[in-house]
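> Pasting a structure here, questions to come.
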Amino acid sequence: MSNGFTTWPRCGSGGRIAMSLGNTGTLQNDTVASACNTTGKILVEPDLVSLRPTHSKDPLASATVMASFVTEDGDALPGCPRGRLLALVDALKTKHSIDLLIGFEVEVVFLKRTSSTSEPYEP
């Protein structure tokens, strides 16, 4: 893909990124909620049809893409909001002939810690 962005990391087949299941229960202070199961992994699968560059005036070239939480087989995880929404839209269309156009936004920004006290994180 020649769009000026780094290609999506390949983590096995399908270009998925693996992350700890514990990340779904991480709080703002980097502790894990007691109700969270930290054992296991989630595969984050990008929907490349939704890949869009961000605003051209951003100081750092970046893009946005929608993604779903999936299993090794590509099935939606029960806790995936996007997968649940798609299943609901599909059920309404199949059972009641209702077509919906719905969206929601959940933002994730990946940062790394630095040794600086004035700017402890960087992209």
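> Would you check if there is a residue in the range 52-67 being in a loop (DSSP other than H, G, I, E, B), within 26 Å of GLY15 (Cα to Cα) and in contact with a helix residue (DSSP H, G or I) (Cβ under 9 Å, 6 or more places away or on another chain)?
no
> Ok, one more. Determine whether the range 71-79 contains at least one residue that is touching a helix residue (DSSP H, G or I) at 6+ places or on another chain (Cβ under 8 Å), within 26 Å of THR24 (Cα to Cα), assigned to a loop (DSSP other than H, G, I, E, B) and without any contact (Cβ under 8 Å) to a residue 12 or more places away in the chain. If you could, list the steps in order and put the result at the bottom.
Looking only at the range 71-79, we keep the residues that are touching a helix residue (DSSP H, G or I) at 6+ places or on another chain (Cβ under 8 Å), and these are 76-79.
If we keep only those that are within 26 Å of THR24 (Cα to Cα) as well, we get 76-79.
If we keep only those that are assigned to a loop (DSSP other than H, G, I, E, B) too, we end up with 77-79.
The next check asks that each one be without any contact (Cβ under 8 Å) to a residue 12 or more places away in the chain; those that pass are 78.
Yes - at least one qualifying residue is present in the range 71-79.
> While we're here: If THR94 satisfies all but one of (1) loosely packed, with under 10 Cβ neighbours inside 10 Å; (2) at pLDDT below 85, what's the number of the condition it fails?
(2)
> Let me ask something else. Read through the list (1) more than 19 Å from ILE17 (Cβ to Cβ); (2) small (Gly, Ala, Ser); (3) in contact with a Cys (Cβ under 8 Å, 6 or more places away or on another chain), then give the number of the only condition that ALA33 fails.
Going through the list (1) more than 19 Å from ILE17 (Cβ to Cβ); (2) small (Gly, Ala, Ser); (3) in contact with a Cys (Cβ under 8 Å, 6 or more places away or on another chain), ALA33 breaks only (3).
> One residue is enough: does the range 44-53 have a residue meeting the conditions surrounded by fewer than 10 Cβ atoms within 10 Å (Cβ to Cβ) and over 19 Å from the mean Cα position of the chain (by Cα)?
Among the residues of the range 44-53, not one is surrounded by fewer than 10 Cβ atoms within 10 Å (Cβ to Cβ) and over 19 Å from the mean Cα position of the chain (by Cα), which makes the answer no.
> Shifting gears a bit: For the range 90-103, state whether one or more residues are closer than 26 Å to GLY15 by Cβ, in a loop (DSSP other than H, G, I, E, B) and hydroxyl-bearing (Ser, Thr, Tyr).
No, the range 90-103 has no match at all.
> Regarding the range 12-24, can at least one residue be identified that is closer than 25 Å to TYR121 by Cα, part of a strand (DSSP E or B), small (Gly, Ala, Ser) and in contact with a Pro (Cβ under 8 Å, 6 or more places away or on another chain)?
no
The values are calculated or read from the model by the stated rules, or taken from the named source; none is laboratory data. Please read all numbers here as calculations on a predicted model, not as lab measurements. Glycine gets a Cβ as well: all are built from the backbone with ideal geometry, and neighbour counts include every protein chain shown.
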